[in-house]
Amino acid sequence: MQKLGLIQFLGQKLSPQQIQFIKLLQVPTAELEARIKEEMEVNPALEEGKDDDEEVSNEEERAENTDSDELNVDDYLNEDDYAGYKMQGDGNHQEEEREMPISSGTSLQDQLIVQLGFLKLDETQEIIGRQLIGSIESDGYIRRDLEAIMNDLAFSQNIETSLEELEEILTKIQGFDPAGIAARSLQECLMIQLEKKEVHGDEVDLALKIVGSCFEEFTKKHYDKIIKKLDITDEALKDAIHMITKLNPKPGGTNDSLVRIQYLLPDFILTNDDGKLELTLNSKNAPELKVSRSYSDMFQSYHKSDKKDKKLKETVSFVKQKLDAAKWFIDAVKQRQQTLLNTMNAIIKYQYDFFLDGDESKLRPMILKDIAEIIGMDISTISRVANSKSIQTEFGIFPLKYFFSEGIATDSGEDVSSREVKLKLKTFIENEDKSKPLSDDKLEKLLKAEGYNIARRTVAKYREQLNLPVARLRKEL
């Protein structure tokens with residue numbers, strides 16, 4: 001059987017097996033079980049569990065094929081590669097699974113509370129955060145006035161706070177997933193989503209200007225007024241409008257439905273045994289699958305029958321089709337697991353110092369191409385893994401996207417991780433004079449003085465990603 005792979009030559013057409021592998025690769029752990037059950041419902045030749053009967057008689061294996069058009073039975077008689085296979089690296093992780101914060105999906109509020117726990121808040125701030133999350137309606141918006149929420153905290157929790165502190169914690173919550181959550185209006189919801197874009201080009205900047213200063217014209221589709229007000233071309237407007245209309249106006253959904261935040265259910269578990277890093281797959285990624293014995297037996301019985309029986313031949317063709325599909329699916333699941341392990345092992349090797357102690361400053365600049373070259377696979381394959389998978393470590397759960405960052409050039413010509421710049425930025429803000437907090441312009445100058453070539457806009461983006469408020473909100477008397 002053709003082995004699966006994603007190395008494509010120009011003009012090469014993907015086989016059905018390759019397509020199945022690609023689709024399975026991007027399925028997150030939380031959804032894999034449902035995907036397997038779905039496949040089993042449509043294909044009775046695919047079964048869950050381990051096949052104890054692995055012996056096939058020599059007589060059956062040596063069944064002669066006298067008809068050149070005859071189907072090859074040997075391919076479907078419990079091959080070791082497929083019957084009850086269990087992938088390496090799965091282990092028995094029942095204990096780890098119990099410790100996982102979220103299994104396959106929980107309510108929107110529960111998931112926001114989990115994310116709140118990732119912030120380093122004191123006890124009072126934590127209560128304020130929970131009160132704000134509790135005020136989020138089913139579609140993802142907060143429509144209660146902050147003053148009313150402030151009064152609720154005073155009366156029900158005996159907590160005195162200010163609008164400024166409430167705003168600051170709300171801003172942190174607005175940085176959670178799903179993007180746009182906890183907005184107080186559609187305009188703010190769209191702004192949040194645009195500001196969270198990882199790459200800020202001219203298109204995103206223009207979209208921010210339209211939503212920020214021309215929102216009324218945008219909602220009324222007065223595009224001529226926008227063009228005149230912002231002095232832009234029709235084409236630029238069209239691109240920006242296209243981006244805005246692709247945003248999610250209801251980040252919470254229409255009801256309190258399941259909103260899956262995949263990094264809360266890790267695909268990998270990393271343990272540190274006295275400096276020795278050991279990687280295993282989450283056991284949910286390693287199901288036991290096999291080709292149905294009854295279907296194999298049906299196919300085998302064809303040799304002992306009247307091969308000229310037309311109806312029987314049609315039945316056998318159907319059985320062969322189902323057996324093929326079962327074998328392809330099992331192979332795709334197997335290949336998915338191996339690709340996950342190969343990719344994660346390469347990331348651990350590349351970011352080894354970080355995985356030893358979780359020190360963010362030790363993260364190296366790393367792009368998809370770096371990992372693709374190490375494991376000899378296509379960049380698109382690495383992207384599929386990185387975009388939907390996560391790892392549980394002794395110092396937290398991280399989406400794989402966390403380990404990839406752009407490199408920023410320094411005056412010496414070396415590349416440093418954006419996280420190194422964020423760490424420097426955070427240090428500047430922590431050590432600033434709180435009566436005269438540093439503006440983004442001043443922070444930009446300080447970073448440039450340290451040799452980091454960075455724009456003010458990028459400073460603002462990094463500051464927001466660190467959940468640090470603007471200078472005026474950091475001011476203290």
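One residue alone among Asp177, Asp202 is at pLDDT below 90 and closer than 13 Å to Lys250 by Cα, and that residue is Asp177.
For segment 309-357: of the residues being of a type in the set (Ser, Thr, Tyr) and more than 26 Å from Ile391 (Cβ to Cβ), which is modelled with the lowest pLDDT? Among those that are of a type in the set (Ser, Thr, Tyr) and more than 26 Å from Ile391 (Cβ to Cβ), it is Thr315. Quick check on segment 337-359. Is at least one of its residues in a helix (DSSP H, G or I) and over 28 Å from Lys276 (Cβ atoms)? Looking through segment 337-359, none of the residues is in a helix (DSSP H, G or I) and over 28 Å from Lys276 (Cβ atoms). Looking at segment 264-276, is at least one residue outside any helix (DSSP H, G or I) and at pLDDT below 75? Yes. Restricting attention to segment 168-175, does a residue exist that is at negative phi, open to solvent by 60 Å² or more (accessible area, probe 1.4 Å) and either in contact with a Cys (Cβ under 9 Å, 6 or more places away or on another chain) or part of a helix (DSSP H, G or I) (or both)? Checked segment 168-175: at least one residue is at negative phi, open to solvent by 60 Å² or more (accessible area, probe 1.4 Å) and either in contact with a Cys (Cβ under 9 Å, 6 or more places away or on another chain) or part of a helix (DSSP H, G or I) (or both). For Thr254, the criteria (1) open to solvent by 90 Å² or more (accessible area, probe 1.4 Å); (2) of a type in the set (Val, Ile, Thr); (3) modelled with pLDDT of 90 or more hold in every case but one, which is (3).
Select, from Ile133, Ile127, the only residue that is assigned to a helix (DSSP H, G or I), open to solvent by less than 20 Å² (accessible area, probe 1.4 Å) and either of a type outside the set (Lys, Arg) or closer than 18 Å to Arg474 by Cβ (or both).
On the way: Ile127 fails: open to solvent by less than 20 Å² (accessible area, probe 1.4 Å).
After applying the criteria, what remains is Ile133.
So, Lys401, is that one open to solvent by 70 Å² or more (accessible area, probe 1.4 Å), assigned to a helix (DSSP H, G or I) and at pLDDT 90 or above or not?
Numbers: open to solvent by 70 Å² or more (accessible area, probe 1.4 Å): yes; assigned to a helix (DSSP H, G or I): yes; at pLDDT 90 or above: no.
When the stated conditions are applied, Lys401 does not pass them.
Note on segment 142-167: among residues that are open to solvent by 40 Å² or more (accessible area, probe 1.4 Å) and in contact (Cβ under 8 Å) with a residue 24 or more places away in the chain, the one that is nearest to Leu247 (Cα to Cα) is Arg143.
Thr427 fulfils the conditions (1) surrounded by 16 or more Cβ atoms within 10 Å (Cβ to Cβ); (2) outside any loop (DSSP other than H, G, I, E, B); (3) modelled with pLDDT of 85 or more except for a single criterion, (1). For segment 358-381, the criterion of being at pLDDT 85 or above, touching a strand residue (DSSP E or B) at 6+ places or on another chain (Cβ under 7 Å) and open to solvent by 20 Å² or more (accessible area, probe 1.4 Å) is satisfied by at least one residue. Just one of the listed residues (Glu476, Glu432) is assigned to a loop (DSSP other than H, G, I, E, B), surrounded by 15 or more Cβ atoms within 10 Å (Cβ to Cβ) and charged (D, E, K, R), and it is Glu432.
Would you be able to tell me the number of residues in segment 226-242 that are open to solvent by 70 Å² or more (accessible area, probe 1.4 Å) and within 18 Å of Gln187 (Cα to Cα)? Show your work before the answer.
Filtering segment 226-242 down to residues open to solvent by 70 Å² or more (accessible area, probe 1.4 Å) leaves 228-229, 231, 233-235, 238, 242.
Now drop any that are not within 18 Å of Gln187 (Cα to Cα), which leaves 242.
So the count comes out to 1.
The values are calculated or read from the model by the stated rules, or taken from the named source; none is laboratory data. In this text the structure is predicted, and so the values were computed from the model without any measurement. All Cβ positions, glycine included, derive from the backbone under ideal geometry; neighbour counts span all protein chains shown. Heads up: the accessible areas ignore ligands, DNA and RNA and are worked out on the full protein's heavy atoms, side chains in. Shrake-Rupley method; radii C 1.70, N 1.55, O 1.52, S 1.80 Å.
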